[in-house]
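The values are calculated or read from the model by the stated rules, or taken from the named source; none is laboratory data. None of the values given here were measured: they were computed from a predicted structure. We place every Cβ from the backbone using ideal geometry, glycine too, and count neighbours over all the protein chains shown.
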């Protein structure tokens with residue numbers, strides 16, 4: 001595998017949210033941890049601004065213009081959770097630009113690889129016409145759309161393990177059969193979407209796979225859901241690019257939710273993704289930073305992820321027990337994905 005890429009840009013620090021959990025300090029926390037580990041072999045790449053066409057493939061021009069104009073006026077609150085400052089638009093177009101450039105690097109090069117976009121603001125709550133949940137533009141959707149529209153990818157998998165449901169990503173792709181969107185998220189919790197029976201619409205029914213979990217869910221269930229539900233479905237779907245909305249707010253120390261995932265859990269899920277990509281023919285994999293608000297847990301979890309993501313080869317498969325939540329999820333989705341029948345049978 002070629003040297004993995006880590007996208008960054010100083011504009012992420014200029015998105016000033018004040019006394020807010022999604023704050024600029026998140027980025028230095030991650031980067032200090034990675035620097036202490038010699039960046040785990042990743043090549044640091046300065047993110048470009050997103051190309052207008054790439055952003056408009058996800059968001060209409062009036063939404064983009066509204067964010068730009070609000071930022072130009074010095075900023076303000078979009079809603080109770082979502083803040084814009086004078087530097088926010090520049091940060092947002094670089095976060096989306098990193099996702100775009102990541103897709104370019106992973107797909108257009110023809111050489112399978114791995115990449116991580118370590119920029120903010122996050123993106124998975126941003127719907128086509130609505131900024132919300134700390135998110136202005138939907139970064140992972142920009143990456144997926146770029147791969148499909150510009151680089152000839154036939155199918156893209158987006159796995160979202162942020163503790164909050166990626167409502168924006170689901171909204172972008174709910175009617176697109178070329179994108180398999182899988183979300184593991186605590187429920188009930190903000191934004192209140194992501195019901196298990198929401199499976200997509202029209203010709204895309206089945207390509208939305210929501211996997212809600214209760215508060216208190218930890219490594220055993222998360223890892224089992226990726227290993228025994230997401231991976232079998234992905235083998236049937238056969239993506240040509242795998243993207244991960246890598247939120248770390250399911251960590252047991254995070255203040256905004258109630259799940260109990262550890263650094264080891266994030267590493268194990270990444271290991272399953274790496275093995276899946278290898279099995280599918282060395283499919284490239286890219287990750288975009290989403291949530292994670294306890295700085296130490298965020299930094300350690302991101303580093304644990306990147307250690308596996310950037311390794312020369314996937315870790316060996318271990319014995320991952322089938323968790324009851326995975327059995328339940330497989331039973332719900334087996335009507336769309338026959339490969340889950342064995343899991344649903346227990």
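Which of the residues that make up the stretch 146-157 are buried (at least 24 other Cβ atoms within 10 Å of the Cβ) and in a helix (DSSP H, G or I)? Listed by number, the residues that qualify are 146, 147. When you scan the stretch 69-82, do you find a residue that is crowded, with 20+ Cβ neighbours inside 10 Å, in contact with a strand residue (DSSP E or B) (Cβ under 6 Å, 6 or more places away or on another chain), closer than 18 Å to residue 146 by Cα and touching a residue at least 12 places away in the same chain (Cβ under 8 Å), even just one? Scanning the stretch 69-82, I find no residue that is crowded, with 20+ Cβ neighbours inside 10 Å, in contact with a strand residue (DSSP E or B) (Cβ under 6 Å, 6 or more places away or on another chain), closer than 18 Å to residue 146 by Cα and touching a residue at least 12 places away in the same chain (Cβ under 8 Å), so the answer is no.
Of all residues in the stretch 28-50, those that are farther than 17 Å from residue 1 by Cα, part of a helix (DSSP H, G or I) and in contact with a strand residue (DSSP E or B) (Cβ under 9 Å, 6 or more places away or on another chain) total 3. Of all residues in the stretch 10-24, those that are in contact with a helix residue (DSSP H, G or I) (Cβ under 6 Å, 6 or more places away or on another chain) and in a loop (DSSP other than H, G, I, E, B) total 2. Scanning the stretch 304-329 for residues that are under 22 Å from the mean Cα position of the chain (by Cα) and in a helix (DSSP H, G or I) returns 304, 305, 306, 307, 308, 309, 325, 326, 329. In this structure, residue 62 qualifies as in a helix (DSSP H, G or I) and either in contact with a helix residue (DSSP H, G or I) (Cβ under 7 Å, 6 or more places away or on another chain) or at pLDDT 95 or above (or both).
What do you reckon, is residue 137 crowded, with 24+ Cβ neighbours inside 10 Å, farther than 25 Å from residue 303 by Cβ and modelled with pLDDT of 95 or more? So residue 137 fits the description; yes. Restricted to the stretch 70-88, and to residues there that are farther than 19 Å from residue 127 by Cβ and either at pLDDT below 95 or part of a loop (DSSP other than H, G, I, E, B) (or both), the residue that is nearest to the chain's Cα centre (by Cα) is 87.
Which residue is farthest from residue 87 (Cα to Cα), if the candidates are limited to the stretch 1-19 and must be at pLDDT 95 or above and surrounded by fewer than 18 Cβ atoms within 10 Å (Cβ to Cβ)? So, considering only residues that are at pLDDT 95 or above and surrounded by fewer than 18 Cβ atoms within 10 Å (Cβ to Cβ), the one farthest from residue 87 (Cα to Cα) is 10. Remark: pairs (first residue in the stretch 312-328, over 20 Å from residue 218 (Cβ atoms); second residue assigned to a loop (DSSP other than H, G, I, E, B) and modelled with pLDDT under 95; Cβ separation under 7 Å; 6+ apart in sequence or on different chains) = 312/1. Note on the stretch 285-300: among residues that are assigned to a loop (DSSP other than H, G, I, E, B) and out of contact with any strand residue (DSSP E or B) (no Cβ under 6 Å at 6 or more places or on another chain), the one that is surrounded by the fewest Cβ atoms within 10 Å (Cβ to Cβ) is 294. On inspection, residue 34 fails the criterion of being free of Cβ contacts under 8 Å to residues at least 24 places away in the same chain and buried (at least 16 other Cβ atoms within 10 Å of the Cβ). Assessment of the stretch 28-48 against the conditions (under 21 Å from residue 127 (Cα atoms) and modelled with pLDDT of 95 or more) yields no matching residue.
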